[in-house]
Amino acid sequence: MSNNGNNHTNKENNKELDYYIWIEKALDDLKQKNIKRHVVHGGWTPSGFFHIGNARAELMIPTFISKSLKDEGFEVKHNLIIDDFDDFDKIPKGIKVNEAEFEKHFGKCLRDVPSPVEGYANWADYFSKQVLSALDEFGVKPNILSSYDCYKQGLYDEAIKIVLNKAEEVRKIWNEVTSGDKPKGWYPIMVVCEKCGKISTTKVREWNGQEVEYLCTNHRNYAEGCRHKAWVRPEKGRAKLPWRLHWPATWFIHGVTFETAGKDHFAAGGSVESGRRFLKEIFGKEPPYQIPTEFLLVDDAKLSGSSGNVISLRDWLDFAEPELLRFMMASYKPQTVINFDLHSNKFFLLADRYDEAERIYFDKKEEKSKRERQLAEIYKYAQIREIPEKMPVQLNYNIATVIVQTFPEKPLGEIASIIHEKGWIARKTLTSQDKQRMEKRLQLAKNWLERYAPEDVKFVVQDKIPRGLQLSDRQREALHIVASRLNEKEWDQKELFNEFYIICQHLGLNNTDFFRAAYNVLLDKDRGPKLAPFILTLGKERVAALFGKA
Ligand SMILES: [Zn+2]
């Protein structure tokens, strides 16, 4: 937004206060640029695993920006660039291959390396397919563009020619930004060696306006050149621009107006700084609007596609609805680190906040606080399908984990009915969509428990008194009284909860000691889910029988 005092009116100042979420601010900044047709980009190199951290800058943020622009009536093109023309320089952890077999391909482009897994055309194809096959489920629908194909089709030919003709200017900018010392006569271009097929081992020493002369002697610590020497036309995929030029060339070719990237690219001397200068000074275009995007940490660790410690989009679908990932990404400003915690019940907070946003969105009340309006707005960006008229049924994630553990043998459909009957959800009748939604969350909770949950969330309902159980006389007596009270009549949660306190008071038993005794007997643990509803869900006869034997 323009900041020169004169045209900075009060109205604009007030408008600033009206932003509820960061997407609106970005949209407003883009509108100031008076561009009619927008091109929104994300990009990724398929050298290793794509994780949900990549999804933030390269898929989700571009998707939200595209949506906001479209909703404002702009013509928008959303592209995802797959940088499969990049060279292969390491084998990521977490992929089992014969290393020696693959190391000989180091230095070739990712499309020319065999697939690490059978059934895929090549290295890039294998890793790309894992991502692309999941996009639909997240409601992300970019045009997919392969760099390799774009170069082969000649899309980059003009950009390459410009770079070679202005090699001296490029060199100056490159050295200025990177504090580098590229020598005079340096040409920033990577020719694919016609003899050995490697792309990172060639260097160009001459350009005659039509052809370049290259030598395959640019040895790397991971790849050796074959010493081939030849003249070639650097077009139609015979050569590639190095990353610092490939990126702005891509902006130039497609007329990119928005693209974010991980914040490491935005460091001083990084590829954002050089890219923006190259675009302006070499290609003569205005750089796109960019937002430095922070990392996403999982359990305090940065995800890395080459280290194998990743949560892929597919992994996400095992434990949470895709809307929750979108919700998380839309909630946090890109400049904020997301510290996602999958191995503690803090993970429930995300699900809870999503459910809360849903309730607020469907709440018809007119006066909403700023926070409520933010949540409702973020909820909209999280949606993949059309939002229904009526609020869908909500099954709290935490409760879902309790119930699936309470009835480990029962089919999910049956569990959904029990949840309804026992009053865990506020819904008179369940539609088939409601049931589907509940079964889905139950399945996700089950998967989460199996793969990620910490021990303190897991439990097994006991069918006999745990061995070695040690209770005081008062604890025993309290459980016996609960057992006989349970048999006396039908209870509701609140009544039963109050009864626990009456019994404790009567016996002079500490409440904490009472609850511990109950969980010791029911779960062989010191803690557990809320006791009164838990007992009623388990069935009071079953609990009474067990407590009676304590
Ligand atoms: Zn070679």
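Since every read-out is calculated from the coordinates, none of them should be taken as a lab result. All values derive from a computational prediction rather than experimental measurement. Every residue, glycine as well, gets a Cβ built from its backbone with ideal geometry; the counts of neighbours run over all protein chains shown.
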| task | Would you please give the residues with an amide H less than 5 Å from that of Ile144, counting only those at least 5 places away or on a separate chain, with H modeled from the backbone geometry? | result | Leu80
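Which order do peptides 176-184, 286-294 fall in by mean Cβ count within 10 Å, highest first? Walk me through the intermediate numbers first.
Values: 176-184: 11.7, 286-294: 19.2.
In descending order of packing, they fall as 286-294, 176-184.
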| task | Take the alpha carbon atoms of the stretch 310-332, find their center, do the same for the stretch 204-231, and report the distance between the two centers in whole angstrom. | result | 44 Å
| message | Please report the spacing between the Cα centers of the stretch 500-550 and the stretch 162-194 in Å, no decimals. | response | 74 Å
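By the gyration tensor of its Cα atoms, with a ≥ b ≥ c the square roots of the eigenvalues, what is the shape of the stretch 224-266: rounded for a/c under 1.5, prolate for a/b over b/c, or oblate? Write down the numbers at each step before the final one.
Values: a/c = 5.27, a/b = 1.84, b/c = 2.86.
Oblate, since a/c reaches 1.5 and b/c is not below a/b.
Please report Trp243, Trp207 as a ranked list, fewest other C-beta atoms within 10 angstrom at the top and most at the bottom.
Values: Trp243 15, Trp207 18.
Sorted ascending by nearby Cβ count, the order is Trp243, Trp207.
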| Between Glu281 and Glu389, what FRET efficiency follows from the Cβ-Cβ distance if R0 is 60 Å, with the result rounded to 0.05? | 0.65
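Treating only the Cβ of Lys, Arg, Asp and Glu as charged (+1, +1, -1, -1), what charge dipole size does the stretch 473-548 show about its Cα centre? Round to the nearest 20 debye. Walk me through the numbers on the way to the answer.
Details: 11 positive and 11 negative charges, 35 e Å.
Magnitude of the dipole: close to 160 debye.
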| note | Exposure-ranked with fewest Cβ neighbours within 10 Å first, Leu135, Leu375 stand as Leu135, Leu375
| the stretch 385-456 to the stretch 339-376: how many Å between their Cα centroids? | 18 Å
| query | So how far apart, in nm, are the two label points at Asp264 and Asn165 if each is 7 Å from Cα heading toward Cβ? | reply | 3.6 nm
| task | Return the subset of Lys141/Lys428; Lys302/Lys458; Lys410/Lys549; Lys129/Lys458 for which the Cα-Cα distance in this structure is over 32 Å, preserving the input order. | result | Lys141/Lys428; Lys129/Lys458
| task | Measure nothing fancy, just the Cα-based angle from helix 347-362's long axis to the longest principal axis of the chain, in degrees from 0 to 90, nearest 10. | result | 90 degrees
| request: Would you please classify the overall shape of the stretch 206-295 from the alpha carbon gyration tensor, given that a ≥ b ≥ c denote the square roots of the eigenvalues, rounded means a/c under 1.5, and beyond that prolate means a/b larger than b/c while oblate covers the rest? | output: oblate
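Can you tell me how much longer the chain between Ile465 and Trp231 gets when fully stretched, taken as 0.36 nm per residue apart minus their C-alpha distance, in nm with one decimal? It would help to have the intermediate numbers written out before the result.
Working: separation 234, 0.36 × 234 = 84.24 nm, distance 8.37 nm.
Difference between extended and current length: 75.9 nm.
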| Length released on extending from Glu409 to Asn339, taking residue separation times 0.36 nm less the Cα-Cα span | 21.7 nm
| message | How tilted is helix 123-135 with respect to the longest principal axis of the chain? Cα atoms for both, answer in degrees (0 to 90, nearest 10). | response | 50 degrees
| query | With all pairs of different alpha carbon atoms counted, what Kirkwood hydrodynamic radius in Å does the stretch 35-343 show? | reply | 20.3 Å
| task | Have a look at Gly539, Tyr519, Asn487 and report the one farthest towards the positive end of the charge dipole of the stretch 473-548, computed about the Cα centre with Cβ charges (Lys/Arg +1, Asp/Glu -1). | result | Tyr519
| query | Among Ser312, Ser66, which comes first, then next, by fewest other beta-carbon atoms within 10 Å? | reply | Ser312, Ser66
| said: Output wanted: per-residue J couplings in Hz (rounded whole) for the stretch 214-228, from phi through Karplus 6.51 cos²θ - 1.76 cosθ + 1.60, θ = phi - 60°, x for Gly and Pro. | reply: 10, 10, 8, 10, 7, 5, 10, 6, 10, 8, 9, x, 9, 6, 5
| task | Taking 7 Å along the Cα-to-C-beta vector as the label spot, tell me the Asp136-Glu495 distance in nanometres, rounded to one decimal. | result | 5.2 nm
| message | Just to confirm the number: angle between the C-alpha axis of helix 322-331 and the first principal axis of the chain, 0 to 90 degrees, nearest 10? | response | 70 degrees
| Among 253-263, 410-420, what's the highest-first ranking by average C-beta atoms within 10 angstrom per residue? | 253-263, 410-420
| said: Could you tell me the relative contact order of the stretch 35-343? Use alpha-carbon pairs under 8 Å, at least six residues apart, and round to a whole percent. | reply: 22 percent
| task | Please report, in cubic angstrom per residue, the volume enclosed by the convex hull of the alpha-carbon atoms of the chain. | result | 207 Å³
| remark: Of 479-485, 271-277, ordering from highest average Cβ density within 10 Å down gives 271-277, 479-485
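Using the Cα centre as the reference, give the magnitude of the dipole from point charges on the C-beta atoms of the stretch 232-359 (Lys, Arg: +1; Asp, Glu: -1; all else neutral), rounded to the nearest 20 debye.
Working: 17 positive and 18 negative charges, 213 e Å.
In debye, rounded to 20, the stretch 232-359 gives about 1020.
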| Long-range amide H contacts for Val298: which residues qualify at under 5 Å (H placed 1.01 Å from N, peptide plane, sequence gap of 5 or more or a different chain)? | Leu303, Phe340
| query | Any idea what the dipole of the chain comes to, in debye rounded to 20, about its Cα centre with Lys/Arg Cβ at +1 and Asp/Glu Cβ at -1? | reply | 520 debye
| query | Under the Karplus relation 6.51 cos²θ - 1.76 cosθ + 1.60, θ = phi - 60°, what is the ordered set of whole-Hz ³J(HN,Hα) values for the stretch 528-536, x standing for Gly and Pro? | reply | x, x, 3, 5, 4, x, 5, 4, 5
| Cα gyration tensor, the stretch 473-548 - rounded (a/c under 1.5), prolate or oblate | rounded
| field | Under the Karplus curve 6.51 cos²θ - 1.76 cosθ + 1.60, θ = phi - 60°, whole-Hz ³J(HN,Hα) for the stretch 372-377, x wherever Gly or Pro sits | value | 5, 5, 4, 4, 5, 5
| note | Asp149 and Thr217 label points (each 7 Å along its Cα→Cβ direction) are spaced in nm at 3.9 nm
